Amino acid sequence: MCFPHAGGSAPFYLPLSARLHPDTEVLAVQYPGRLDRYREPLVDDLGLLADVIHESIGALDEKPTALFGHSMGALLAFEVARRMESDGTAQPLALFVSGRRAPTTSRLESLDLTDDELVAQLGRLGGTSPVLLEDREAIQPILRVMRNDYKAVQNYRYSSGPKLSCPIVALIGTEDSRVTVPEARMWESETNAEFALRTFGGGHFYLTDSFAEVADEIIGVLRNSAVTSQA
């Protein structure tokens, strides 16, 4: 199950789904307030959103599930994994946290940006069409969602709890200004199982050029998890 980044939507993971098909089924979360859920109110509370997603997962067929989240989605995937393990109904095969520092780290970052500042930031991060960034009317719905998601991240507060029992794999771009190797490595403190850190060339949206390599990493981890669970 894949969790999009701030301002992102489920189709972002179509290339990853194509790489993992047919051996692995990819389900991507569509957050409220975007694309086909545009008319639904946005949710600016990651804890509440994690609760809703966790309930939805419970309604799915009981199949082995791994969670993959990028940026804001990494925090959501982490919180959903905690809920899955705490209620005793399921344990994720693995948690993949991409482009996000560990929740125990902190930075002084201002996310209260003007439209021009936000557009400039989106341009620096990549992941958004330059043509779209230049169309101030077309970009407004994206800015609306971005402000909501930034508020959700800004208001997120990590709470200590039991460590996860599933492996955690942290993935980052070597040129990503939003997360350093030491910050990503601190995810290791959130699991009693194996931890791995993988780096890829590129910035915050290294994924767009590395879906094939990331898919290979996922397949390797899931195969190892399946063997371990059967031992």
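The values are calculated or read from the model by the stated rules, or taken from the named source; none is laboratory data. Keep in mind that this is a model prediction, so the values were computed, not measured. All Cβ positions, even for glycine, are placed from backbone atoms using ideal geometry, and neighbour counts span all protein chains on display. Keep in mind that these areas ignore ligands, DNA and RNA; they rest on the heavy atoms of the full protein, side chains included. Shrake-Rupley method; radii C 1.70, N 1.55, O 1.52, S 1.80 Å.
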Q: Answer yes or no as to whether residue 144 is closer than 18 Å to residue 4 by Cβ and part of a helix (DSSP H, G or I).
A: yes
(Q) I need the full set of residues from region 201-220 which are surrounded by 19 or more Cβ atoms within 10 Å (Cβ to Cβ) and part of a loop (DSSP other than H, G, I, E, B), in order please. (A) 203, 204, 205, 206
Q) Looking at 50, 102, 77, which is the one that is in contact (Cβ under 8 Å) with a residue 24 or more places away in the chain, part of a loop (DSSP other than H, G, I, E, B) and buried (at least 20 other Cβ atoms within 10 Å of the Cβ)? A) 102
Q: Check whether at least one residue in region 81-92 is within 14 Å of residue 171 (Cα to Cα), of a type outside the set (D, E, K, R), under 18 Å from the mean Cα position of the chain (by Cα) and modelled with pLDDT of 95 or more, and report yes or no.
A: no
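So which residues in region 133-152 are of a type outside the set (S, T, N, Q) and open to solvent by 50 Å² or more (accessible area, probe 1.4 Å), if there are any at all?
Going through region 133-152, the residues of a type outside the set (S, T, N, Q) turn out to be 133-139, 141-147, 149-152.
Passing the criteria: 134, 135, 136, 137, 141, 144, 147, 151.
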Q) How about region 163-200: which of its residues are more than 22 Å from residue 215 (Cα to Cα), of a type outside the set (S, T, N, Q) and open to solvent by 60 Å² or more (accessible area, probe 1.4 Å)? A) 163, 182, 186
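Please verify whether residue 116 is surrounded by fewer than 21 Cβ atoms within 10 Å (Cβ to Cβ) and assigned to a helix (DSSP H, G or I), treating the condition exactly as stated.
Criteria met by residue 116.
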(Q) Against the conditions (1) touching a helix residue (DSSP H, G or I) at 6+ places or on another chain (Cβ under 9 Å); (2) in a loop (DSSP other than H, G, I, E, B), where does residue 83 fall short? Just the number, please. (A) (2)
Q. Got at least one residue in region 23-30 being surrounded by 18 or more Cβ atoms within 10 Å (Cβ to Cβ), in contact with a Phe, Trp or Tyr (Cβ under 7 Å, 6 or more places away or on another chain) and assigned to a strand (DSSP E or B)?
A. yes
Q: Identify all residues within region 117-147 that are among the β-branched types (Val, Ile, Thr) and at pLDDT 85 or above; write none if there are none.
A: 119, 139, 142, 145
Q. Scanning region 54-73 for residues that are in a helix (DSSP H, G or I) and at pLDDT 95 or above, which turns out farthest from residue 154 (Cα to Cα)?
A. 73
Q.
Please pick out the residue among 124, 157, 136 that is over 25 Å from residue 196 (Cβ atoms), of a type in the set (Lys, Arg) and assigned to a helix (DSSP H, G or I).
A. 124
